[in-house]
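Asker: Have a look at the structure that comes next, please.
The values are calculated or read from the model by the stated rules, or taken from the named source; none is laboratory data. On a predicted model such as this, the values are computed, not experimentally measured, just so you know. Backbone-built Cβ (ideal geometry, glycine too); neighbour counts: all protein chains shown. For the accessible areas, the whole protein counts, side chains as well, though only heavy atoms, and no ligand, DNA or RNA atoms are used. Shrake-Rupley method; radii C 1.70, N 1.55, O 1.52, S 1.80 Å.
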Amino acid sequence: LGFEVVERSDLTKKSFEAAIREVAKKASDHEAVLFYYAGHGFQLDGRNFLVPVDARLNDRKRIGEEALVLDDIIGKLHDEGRQTLFFLDACRNNPIPVSAKGEKLSEGLAQVETGRGTFVAFATQPGNITNDGAGEHSPFSLALAEHMETGGISISDMMIRVRNSVEEQTLDKQTPWDQSSLRSQFYFKPLIEDSETLTEDDLGLLTQ
């Protein structure tokens, strides 16, 4: 779909942070940047964390050192001069051991605070957990792959289709969620109408 892709898998915290810096540097020359994460994520004290492979998460006091704070990633990639899109297939059950959890621990991810020109999509609604699915990809990832390539629909309309597909696949147990501060619609595959192919009937409709 025309994106320059930076693909990384099974990242340690150090390599995860390096990848974010690389994307942030490349994004300065583009009108839009998309961050897609499939993996473990959880919320603690109202903040969302994404988990690298070397995180141990057995000490509540060290969680901020071992996992990445989603708000920090958003802050590094966001710029009001471009559209910034986040897709998070990471609303898992909280992996912190009982001994380190403490009180008031919620499942899934929490809503986030973002600046203007930002779109954030969650695999399910805030506070809920996702379905991993039976195959290689989750219901959310499969639905994104199916609908992202549909021509002529905005990102908002695409998410409605994704939501319907995931609810159908999970028997309404999972409802993808999004929050947007976009200032104009974004199209993954816009339709560009060729005026030379318009018929006389089309021209008649346009001039009526």
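Asker: Restricting to the stretch 44-55, name every residue that is in contact with a Phe, Trp or Tyr (Cβ under 8 Å, 6 or more places away or on another chain) and open to solvent by 20 Å² or more (accessible area, probe 1.4 Å).
Answerer: 51
Asker: Residue 27 versus (1) touching a helix residue (DSSP H, G or I) at 6+ places or on another chain (Cβ under 7 Å); (2) closer than 25 Å to residue 130 by Cα; (3) not charged (D, E, K, R): which is the lone unmet condition?
Answerer: Unmet condition: (2).
Asker: I'm checking my understanding of the structure. Among residues of the stretch 164-180 that are within 16 Å of residue 86 (Cα to Cα) and not in a loop (DSSP other than H, G, I, E, B), which one is most open to solvent (accessible area, probe 1.4 Å)?
Answerer: The selected residue is 177.
Asker: How many of the residues in the stretch 29-53 are under 26 Å from residue 153 (Cα atoms) and touching a residue at least 40 places away in the same chain (Cβ under 8 Å)?
Answerer: Here the count works out to 9.
Asker: Further question: Using the structure shown, decide if residue 26 is exposed (fewer than 15 other Cβ atoms within 10 Å of the Cβ) and not acidic (Asp, Glu).
Answerer: Yes; evaluated as a whole, the condition is true for this residue.
Asker: Just one of 152, 127, 75 is at pLDDT below 90, farther than 18 Å from residue 38 by Cβ and either part of a helix (DSSP H, G or I) or open to solvent by 10 Å² or more (accessible area, probe 1.4 Å) (or both); which is it?
Answerer: Numbers: 152 fails: at pLDDT below 90; 75 fails: at pLDDT below 90.
Of the residues listed, the single one that is at pLDDT below 90, farther than 18 Å from residue 38 by Cβ and either part of a helix (DSSP H, G or I) or open to solvent by 10 Å² or more (accessible area, probe 1.4 Å) (or both) is 127.
Asker: Hydrophobic (A, V, I, L, M, F, W, C) and modelled with pLDDT under 80: does that describe residue 105?
Answerer: Criteria met by residue 105.
Asker: Please verify whether the stretch 56-65 includes one or more residues that are open to solvent by less than 30 Å² (accessible area, probe 1.4 Å), part of a strand (DSSP E or B) and farther than 21 Å from residue 83 by Cα.
Answerer: No, that holds for no residue.
Asker: Of the residues that sit in the stretch 138-182 and are of a type in the set (A, V, I, L, M, F, W, C) and in contact with a strand residue (DSSP E or B) (Cβ under 7 Å, 6 or more places away or on another chain), which one is nearest to residue 111 (Cα to Cα)?
Answerer: The selected residue is 177.
Asker: Give the residue, chosen from 112, 53, 120, that is modelled with pLDDT of 85 or more, among the β-branched types (Val, Ile, Thr) and assigned to a loop (DSSP other than H, G, I, E, B).
Answerer: On the way: 112 fails: modelled with pLDDT of 85 or more; 120 fails: assigned to a loop (DSSP other than H, G, I, E, B).
From the options 112, 53, 120, the qualifying one is 53.
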